[in-house]
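Engineer: Quick one: this structure, given as structure tokens, is what I'll be asking you about.
The values are calculated or read from the model by the stated rules, or taken from the named source; none is laboratory data. Keep in mind that this is a model prediction, so the values were computed, not measured. Neighbour counts run over all protein chains shown; Cβ positions are idealised from the backbone, glycine included.
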Amino acid sequence: MPILTEQKLACAFPDGWHATKYDGWSFYRKHFNRCSDSKAVDFLAYDPVGRTLWLVELKDYRRFRRTKDERISLWAEVAVKARDTLAGLFAAKVNASEPDQPFAARCLGAQKVRVVLHLEQPRTNSALFPRAYDRADVQQKLKQTLGAIDPHPKVVETNLMAGVPWTAESIP
């Protein structure tokens, strides 16, 4: 069972799946990342049975609000990361070396692409730690923005993982 961690979240993917931290790839860090501010999703997960490539972006705003450039919306940021990741996968399939090239080739053999935003926010809305985003609203905006890549993107959190075949939990 592949387990990947990012920030204070750990995702456990089903047995038989191939999962990786894409922004940790040597090809991405040393070559593709030089392409004019290219962005990357956090995880790539490939389901060989369903031949589905999952692009997973994790955001954890439980303790600190979004601090990135507010000129780009959260859903636009996820869309750019999904687009750039798919472009990077194609470049890796053609130009990367082991182990990135075979993983990229496997991913590009997918029959379906899914995009998931794992959005952690404070469980309850408070003045100190407000919930900045309505999950359903973000999901609708992602649907409008990412329709060409995934007409049914998901927005999940650790206590609401419906629609994704893996588990996630907070880590200390």
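Engineer: Between a first residue in region 98-110 that is surrounded by fewer than 17 Cβ atoms within 10 Å (Cβ to Cβ) and a second residue that is β-branched (V, I, T) and in a helix (DSSP H, G or I), which pairs have beta carbons less than 9 Å apart while being 6 or more apart in sequence or on different chains?
Structural biologist: Q101/V94
Engineer: How about region 33-50: which of its residues are closer than 17 Å to K93 by Cβ, at pLDDT 90 or above and not in a strand (DSSP E or B)?
Structural biologist: A40, V41, P48
Engineer: Please work out if A10 is closer than 21 Å to E157 by Cβ, out of contact with any Ser or Thr (no Cβ under 6 Å at 6 or more places or on another chain), in contact (Cβ under 8 Å) with a residue 12 or more places away in the chain and surrounded by fewer than 20 Cβ atoms within 10 Å (Cβ to Cβ).
Structural biologist: Considered against the rule, which asks whether it is closer than 21 Å to E157 by Cβ, out of contact with any Ser or Thr (no Cβ under 6 Å at 6 or more places or on another chain), in contact (Cβ under 8 Å) with a residue 12 or more places away in the chain and surrounded by fewer than 20 Cβ atoms within 10 Å (Cβ to Cβ), A10 comes out as yes.
Engineer: Another question, if that's okay. Look through A136, A127, A132 and report the one residue that is part of a helix (DSSP H, G or I), modelled with pLDDT under 95, more than 21 Å from D47 (Cβ to Cβ) and among the small types (G, A, S).
Structural biologist: A136 is the lone residue from the list that is part of a helix (DSSP H, G or I), modelled with pLDDT under 95, more than 21 Å from D47 (Cβ to Cβ) and among the small types (G, A, S).
Engineer: Is it the case that S73 is farther than 30 Å from A132 by Cβ, polar (S, T, N, Q), touching a residue at least 40 places away in the same chain (Cβ under 8 Å) and surrounded by fewer than 16 Cβ atoms within 10 Å (Cβ to Cβ)?
Structural biologist: Answer is no for this residue.
Engineer: Further, regarding this structure: Sort out which residues of region 12-30 are within 21 Å of L86 (Cα to Cα) and not aromatic (F, W, Y), and write them in order of number.
Structural biologist: H18, A19, T20, K21, D23, G24, S26, R29, K30
Engineer: While we're here: Restricting attention to region 4-37, report how many residues are small (G, A, S) and within 23 Å of P151 (Cα to Cα).
Structural biologist: Counting residues in region 4-37 that are small (G, A, S) and within 23 Å of P151 (Cα to Cα) gives 1.
Engineer: Another question, if that's okay. Test of understanding: among R83, R114, which residue is of a type in the set (D, E, K, R), crowded, with 20+ Cβ neighbours inside 10 Å, within 29 Å of D15 (Cα to Cα) and modelled with pLDDT of 95 or more?
Structural biologist: R114 is the lone residue from the list that is of a type in the set (D, E, K, R), crowded, with 20+ Cβ neighbours inside 10 Å, within 29 Å of D15 (Cα to Cα) and modelled with pLDDT of 95 or more.
Engineer: Within region 136-144, identify whether any single residue is under 17 Å from T52 (Cβ atoms) and of a type outside the set (D, E), and answer yes or no.
Structural biologist: Looking through region 136-144, none of the residues is under 17 Å from T52 (Cβ atoms) and of a type outside the set (D, E).
Engineer: Here's a follow-up. Out of L53, L117, L86, I need the residue that is assigned to a strand (DSSP E or B), in contact (Cβ under 8 Å) with a residue 60 or more places away in the chain and farther than 29 Å from R131 by Cβ. Which one? So that I can check it myself, show each step before the final result.
Structural biologist: Numbers: L117 fails: farther than 29 Å from R131 by Cβ; L86 fails: assigned to a strand (DSSP E or B).
That would be L53, the only listed residue that is assigned to a strand (DSSP E or B), in contact (Cβ under 8 Å) with a residue 60 or more places away in the chain and farther than 29 Å from R131 by Cβ.
Engineer: Go through region 22-54 and count every residue that is surrounded by fewer than 18 Cβ atoms within 10 Å (Cβ to Cβ) and in contact with a Cys (Cβ under 8 Å, 6 or more places away or on another chain).
Structural biologist: Within region 22-54, residues that are surrounded by fewer than 18 Cβ atoms within 10 Å (Cβ to Cβ) and in contact with a Cys (Cβ under 8 Å, 6 or more places away or on another chain) number 0.
Engineer: Turning to a different aspect of this structure: Which of the residues spanning region 44-65 are within 12 Å of C107 (Cα to Cα) and touching a Leu at 6+ places or on another chain (Cβ under 9 Å)?
Structural biologist: Within region 44-65, L44, A45, Y46, D47, L53, W54, L55 meet the criteria.
Engineer: Further, regarding this structure: Mind checking which residues of region 1-32 are among the aromatic types (F, W, Y) and part of a loop (DSSP other than H, G, I, E, B)?
Structural biologist: Across region 1-32, the qualifying residues are F13, W17, W25.
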